[in-house]
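Engineer: One structure follows; several queries about it will come next.
The values are calculated or read from the model by the stated rules, or taken from the named source; none is laboratory data. None of these values were measured; they are calculated from a predicted model. Glycine also receives a Cβ, built like all others from the backbone with ideal geometry; neighbour counts cover every protein chain displayed.
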Amino acid sequence: MVPPASPPPVRRDALRNRDRLIATAKAAFAAADGPVALETIARRAGVGIGTLYRHFPTREDLVDAVYAAELDDVAASVPALLDRHPADVALRAWMGRYADFVATKRGMMETLRAGFTSGRIAPPSRERVTAAVATILARGATAGVLRADVDPADVTALLIGVFFAIIDGAPREQTDRLLDLLVDALRPSSPGTLGAQERSPRA
């Protein structure tokens with residue numbers, strides 16, 4: 001039986017073009033107040049529109065690549081934050097950085113919203129966010145400053161809710177309040193604090 005042929009290696013110039021397109025798109029999306037034409041991105045990157053489409057067949061593909069590349073940097077900041085701060089403080093600082101990251105995506109907001117809603121954009125990126133959250137929660141649970149009974153995926157789901165508030169134009173003050181509330185909910189209950197059942201209204 002003849003083994004299947006290996007895919008041809010990606011040429012270095014093709015990799016350079018892809019990296020240049022992502023870098024150009026990142027700058028264009030951050031500077032724009034609305035959607036940016038793909039033709040504009042290709043021209044600024046010094047390539048033809050056909051080259052852009054070979055790497056990114058749809059706008060969603062390009063937006064997802066930019067989002068994923070920058071999210072890597074956000075996720076990679078977790079160890080340094082945990083080295084400098086208690087886990088609950090590190091979690092709030094990390095969430096603030098994530099919010100800043102989302103807020104600079106003015107030129108790709110509509111595409112991100114549609115992509116997240118449809119599921120076309122997100123699964124791998126969402127997994128990276130969840131992994132970062134899990135790392136901080138585990139450290140915090142060990143230190144007793146964060147709850148040990150929280151599913152990191154639930155925290156990610158709540159963060160995505162804040163993400164949509166940012167997309168909808170929520171002022172930074174409201175974003176900060178939402179993140180403060182989220183972190184407060186992840187801290188262990190203080191002595192004398194009412195539990196969920198005690199807070200629930202009784203018939």
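Engineer: Among the numbered criteria (1) of a type in the set (Lys, Arg); (2) more than 17 Å from Ala138 (Cα to Cα); (3) surrounded by 13 or more Cβ atoms within 10 Å (Cβ to Cβ), which one does Arg187 miss?
Structural biologist: Answer for Arg187: the failing condition is (2).
Engineer: Here's another thing I want to ask about it. Hey, could you check the stretch 107-130 for residues that are surrounded by fewer than 16 Cβ atoms within 10 Å (Cβ to Cβ) and part of a helix (DSSP H, G or I) and say which is modelled with the lowest pLDDT? Show your work before the answer.
Structural biologist: First, the residues of the stretch 107-130 that are surrounded by fewer than 16 Cβ atoms within 10 Å (Cβ to Cβ): 110, 113-114, 117-120, 123-124, 127.
Next cut, part of a helix (DSSP H, G or I) only: 110, 113-114, 117-118, 123-124, 127.
Values: Glu110: 70, Arg113: 69, Ala114: 70, Thr117: 66, Ser118: 66, Pro123: 62, Pro124: 70, Glu127: 85.
This residue is Pro123.
Engineer: For the stretch 145-172, what are the residues that are surrounded by 12 or more Cβ atoms within 10 Å (Cβ to Cβ), free of Cβ contacts under 8 Å to residues at least 24 places away in the same chain, of a type in the set (A, V, I, L, M) and not in a helix (DSSP H, G or I)?
Structural biologist: Within the stretch 145-172, Ala170 is the sole residue that qualifies.
Engineer: Let me ask another. For the structure I just gave you, tell me whether Ala134 is at pLDDT 90 or above, on the phi < 0 side of the Ramachandran plot and out of contact with any helix residue (DSSP H, G or I) (no Cβ under 7 Å at 6 or more places or on another chain). First the steps, then the outcome.
Structural biologist: Values: at pLDDT 90 or above: yes; on the phi < 0 side of the Ramachandran plot: yes; out of contact with any helix residue (DSSP H, G or I) (no Cβ under 7 Å at 6 or more places or on another chain): no.
When the stated conditions are applied, Ala134 does not pass them.
Engineer: Further question on the same structure: Anything in the stretch 18-75 that is loosely packed, with under 14 Cβ neighbours inside 10 Å, of a type outside the set (A, V, I, L, M, F, W, C) and part of a loop (DSSP other than H, G, I, E, B)? List them, or say none.
Structural biologist: Result: Asp33, Gly34, Gly46, Gly48, Pro57, Thr58.
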